[in-house]
Amino acid sequence: MKVDLFDFDLPEELIAQVPLEDRESSRLLVLDKKTGEIEQGIFSDVKSYLKPGDCLVLNDTKVLPARLFGSKDGTGGKIEVLLLKQVRDDSWETLVKPAKRIRVGTKVVFGDGKLTAVCTEELEHGGRIFDFQYEGIFYEILDELGTMPLPPYIKEQLDDQDRYQTVYAKERGSAAAPTAGLHFTQHLLDEIRNLGVNVTFITLHVGLGTFRPVSVDDIDNHDMHAEFYQMTAETAELLNKTKENGGRIVAVGTTSTRTLETIAAQNDGVFKEENGWTSIFIFPGYEFKGIDCMITNFHLPKSTLIMLISALAGREHVLHAYETAVKEKYRFFSFGDAMLIK
C-alpha cells in the first residue's frame, strides 16, 4: 500500500500554535466508521456519545521537561540536549545539537553546574548517551532547568508548560504529550463517570519517533519506532468485564490504541497485566482486537497516525472527514481540535 494514499492538502494556517484557554472548548468532529456520516460540535459534547457500561481508556504518561540548554565544559560552546529515554540509573539516551561538538568524554554543564553530563557513547543521527551528575533529586532539577520538547511544527513559545500535559498525567517518561487527552478536564471526566462510564488508565511513554515522517514509498517497508507501555491488573480486569458485558472500549488517542491493541493481539483478544516495548504498526487491513471507538486529534499527512485511524474508520471515510475539517477550518495537530470515531 502506497504512502501517498494518505496524503491531503493542509493549509499551514490551520496548524494550531497555541492551546485554547478552555480545554473542553475545542471543536469535535464525530465520524461514524460504518457509514462515514459526520456530526460536528464542541469537545464537551463527547459525553453525549458515551453510554453506561462503556470504558474510556486514557494514557497517564507525563511529559518530561526534557530539553536542556547547556554549555560545553572548557569552551563554553552552546549545547542543546533532548532526553529521549533512561538507559539505566542516571544514564540517558539523548539527541544533541550540534552533535559534532560532542564526543565520548565531553562534559556539558547546565544551570551553572547544578547539573552536568558526560558523553559515554556516540549514536547515529545526533544521538548520544550521557551520564548525569547532580546533587538532590534529578526530576526536581529537570523541572527547574528543562523546557517542554514541543513538536517541530509549533513555533510559538508555551507560556504555561502544564498546557502540554494532560490533567491526569502521572507516570514520568514521555518526550511528547498524548495530545488527544489534552481536551479533558477533571470536571468533564467526573461528568463522564457520573453517566455510568468507567474511566481507566494505561501508560505508554511517547517517543519522538511519533513525529518521524514515513520516508518510504510503500507502507510495508516502514520500520515503526518502539515505545514502552504498561497495564495494571486492575485495568485489565475492568476492560475484560467491559467486553464481556457488551460495553465499548473507547481509546483516547493513538497511544492508548497502540497499547490496547498490542496487549489484546498478544493474548487472543484478552487484556492482561503486562509491560514491555511495542512497535506495533496499524494500517488498513489490520483487524482490531481491543478497541471499539477512538478519540483523537487531526494528524499529519502521510503519517503513521492517519494510517492508524484509517485502519479503524476506512481510508475514504477518514480523508473525507479531513477534507471537511480543512473546509470548516478545524485546528490541526497537538493543540488542535478533536475527532471521535464511533
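The values are calculated or read from the model by the stated rules, or taken from the named source; none is laboratory data. Since the model is a prediction, treat every value here as computed from it, not as a measurement. Note: ideal-geometry Cβ built from the backbone for every residue, glycine included; neighbour counts use all protein chains shown. Accessible surface areas use protein heavy atoms only, side chains included; no ligands, DNA or RNA. Shrake-Rupley method; radii C 1.70, N 1.55, O 1.52, S 1.80 Å.
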Single match in 161, 133 (criterion: of a type in the set (S, T, N, Q) and more than 17 Å from the chain's Cα centre (by Cα)): 133
Those residues of region 117-157 which are hydrophobic (A, V, I, L, M, F, W, C) and touching a helix residue (DSSP H, G or I) at 6+ places or on another chain (Cβ under 6 Å), in sequence order: 145, 148
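Yes/no per residue for (1) of a type in the set (Asp, Glu); (2) within 17 Å of residue 251 (Cα to Cα):
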| site | (1), (2) |
| --- | --- |
| 161 | no, no |
| 167 | no, yes |
| 178 | no, yes |
| 205 | no, yes |
| 217 | yes, no |
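With under 20 Å from the mean Cα position of the chain (by Cα) and among the aliphatic types (A, V, I, L, M) as the only criterion, which of 238, 208 stands out?
Values: 238 fails: under 20 Å from the mean Cα position of the chain (by Cα).
One residue alone meets the criteria, 208.
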Enumeration of residues in region 8-30 that are within 26 Å of residue 286 (Cα to Cα) and more than 21 Å from the chain's Cα centre (by Cα): 8, 9
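Restrict the check to region 134-142 and report whether at least one residue is touching a strand residue (DSSP E or B) at 6+ places or on another chain (Cβ under 6 Å) and over 30 Å from residue 239 (Cα atoms).
Pass one, region 134-142, residues touching a strand residue (DSSP E or B) at 6+ places or on another chain (Cβ under 6 Å): 134, 141.
If we keep only those that are over 30 Å from residue 239 (Cα atoms) as well, we get 134, 141.
Within region 134-142, one or more residues are touching a strand residue (DSSP E or B) at 6+ places or on another chain (Cβ under 6 Å) and over 30 Å from residue 239 (Cα atoms).
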Some residue of region 307-319 being touching a helix residue (DSSP H, G or I) at 6+ places or on another chain (Cβ under 7 Å), open to solvent by less than 30 Å² (accessible area, probe 1.4 Å), closer than 24 Å to residue 214 by Cα and not hydrophobic (A, V, I, L, M, F, W, C): yes
Close pairs (6 angstrom Cβ cut-off, 6 or more residues apart or separate chains): of a type in the set (Phe, Trp, Tyr) in region 257-286, at pLDDT 95 or above and in a helix (DSSP H, G or I) anywhere: 271/236; 271/239; 271/240; 271/263; 283/307; 283/311; 286/311
Filtered residues of region 167-205 (kept if β-branched (Val, Ile, Thr) and more than 29 Å from residue 88 (Cβ to Cβ)): 167, 179, 185, 192, 197, 199, 200
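This table checks each residue for (1) free of Cβ contacts under 8 Å to residues at least 24 places away in the same chain; (2) crowded, with 17+ Cβ neighbours inside 10 Å; (3) among the β-branched types (Val, Ile, Thr); (4) in contact with a helix residue (DSSP H, G or I) (Cβ under 6 Å, 6 or more places away or on another chain).
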| site | (1), (2), (3), (4) |
| --- | --- |
| 61 | no, yes, yes, no |
| 73 | no, no, no, no |
| 78 | yes, no, no, no |
| 105 | yes, no, no, no |
| 112 | yes, no, no, no |
| 115 | no, yes, no, yes |
Residues satisfying the stated conditions in region 202-230, i.e. open to solvent by 40 Å² or more (accessible area, probe 1.4 Å), at pLDDT 85 or above and in contact with a Ser or Thr (Cβ under 9 Å, 6 or more places away or on another chain): 226, 228, 230
Inter-residue pairs, beta-carbon under 6 Å, first closer than 15 Å to residue 303 by Cβ and in region 1-18, second modelled with pLDDT under 95 and among the hydroxyl-bearing types (Ser, Thr, Tyr), 6+ apart: 15/153
Residue match in region 207-215 (condition: touching a helix residue (DSSP H, G or I) at 6+ places or on another chain (Cβ under 6 Å) and not basic (Lys, Arg)): yes
Some residue of region 272-292 being surrounded by 15 or more Cβ atoms within 10 Å (Cβ to Cβ), hydroxyl-bearing (Ser, Thr, Tyr), out of contact with any His (no Cβ under 8 Å at 6 or more places or on another chain) and under 29 Å from residue 195 (Cβ atoms): no
Region 302-317 residues that are over 18 Å from residue 216 (Cα atoms), paired with ones that are open to solvent by 30 Å² or more (accessible area, probe 1.4 Å) and small (Gly, Ala, Ser) (beta carbon under 8 Å, 6 or more apart): 311/285
Failed item in (1) modelled with pLDDT of 95 or more; (2) among the β-branched types (Val, Ile, Thr); (3) open to solvent by 40 Å² or more (accessible area, probe 1.4 Å); (4) within 29 Å of the chain's Cα centre (by Cα), with residue 87 passing the rest: (1)
Number of the condition not met by residue 220 [criteria: (1) more than 24 Å from residue 342 (Cβ to Cβ); (2) part of a loop (DSSP other than H, G, I, E, B)]: (2)
